[in-house]
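Visitor: Sending over a structure as structure tokens; questions will come in a sec.
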Amino acid sequence: LYGGAQGLLDAGGAARSVAWNQDTPGVPGVAEAGDTFGAAVASGDGNADGVPDVTVGSPGENASLGAAWLLRSGSAGGSTAFSPRTLGLPDLSTAQKYGKPLSSR
Ligand SMILES: [Ca+2]
Ligand SMILES: [Ca+2]
């Protein structure tokens, strides 16, 4: 949901929203059953440019290894996915469900 000076609703009482998934142009990956993309969502200005960014968790990605997506400035364009594999972390055989908990700052 887009926010504004009036909150989540505009002056006319309407809300505008956007939806993303892994098949949205600019969002890395492929939407698959069990991804649980969006199981956790957090917002905050992670790169301190004054524009809120959105982080989306997908703990079911890659057989529940899990991953998280960073949508800079709340936009699909140029978004990035992070997983234990892309970060070079140990690739355990057990489900890590990376991206299940997210926090804002
Ligand atoms: Ca996927
Ligand atoms: Ca930002």
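The values are calculated or read from the model by the stated rules, or taken from the named source; none is laboratory data. Predicted model only: the values in this text are computed from it and were never measured. As a convention, Cβ positions derive from the backbone with ideal geometry for all residues, glycine included, and neighbour counts pool all protein chains shown. Just so you know, the surface numbers come from the protein's heavy atoms only, side chains and all, with ligands and any DNA or RNA stripped out. Shrake-Rupley method; radii C 1.70, N 1.55, O 1.52, S 1.80 Å.
Visitor: Ignoring any ligand, DNA or RNA, what whole percent of the accessible area of the chain comes from carbon and sulfur when the probe is 1.4 angstrom?
Guide: Numbers: 3510 of 6290 Å².
With neighbouring chains kept in place, the figure for the chain is 56 percent.
Visitor: Please list, ordered by chain and number, the residues whose modelled amide H lies under 5 Å from the amide H of residue 40; skip anything fewer than 5 residues away on the same chain.
Guide: Counting only residues 5 or more places away or on other chains, the set is 57.
Visitor: Would you mind working out the accessible area per residue for the range 1-85, using a 1.4 Å probe, and quoting it in Å²?
Guide: In whole numbers, the range 1-85 has 53 Å² accessible per residue.
Visitor: Here is a follow-up. Can you tell me the dipole magnitude for the chain around its Cα centre, using point charges on the Cβ only (Lys, Arg +1; Asp, Glu -1), in Debye to the nearest 20?
Guide: Computed about the Cα centre, the dipole is about 180 debye.
Visitor: Divide by every residue of the chain the summed helix terms, -39500 (n - 2.57) for each DSSP H run of at least 4, and state the resulting mean residue ellipticity at 222 nm, rounded to the nearest 500 deg cm²/dmol.
Guide: -500 deg cm²/dmol
Visitor: I would also like to ask the following. Out of residues 5 or more away from residue 96 or on other chains, whose amide H comes under 5 Å of its own, with H placed 1.01 Å from N in the peptide plane?
Guide: 65
Visitor: Taking a point 7 angstrom from the Cα of residue 87 along the C-beta vector, which residues in the range 15-45 have backbone N less than 16 Å away?
Guide: Counting only backbone N, you get 40-42.
Visitor: Once R0 is set to 25 Å, what does the formula 1/(1 + (r/R0)^6) return for the Cβ-Cβ distance between residue 75 and residue 11, expressed as a FRET efficiency to the nearest 0.05?
Guide: Values: r = 24 Å, r/R0 = 0.96.
So, using R0 = 25 Å, E works out to roughly 0.55.
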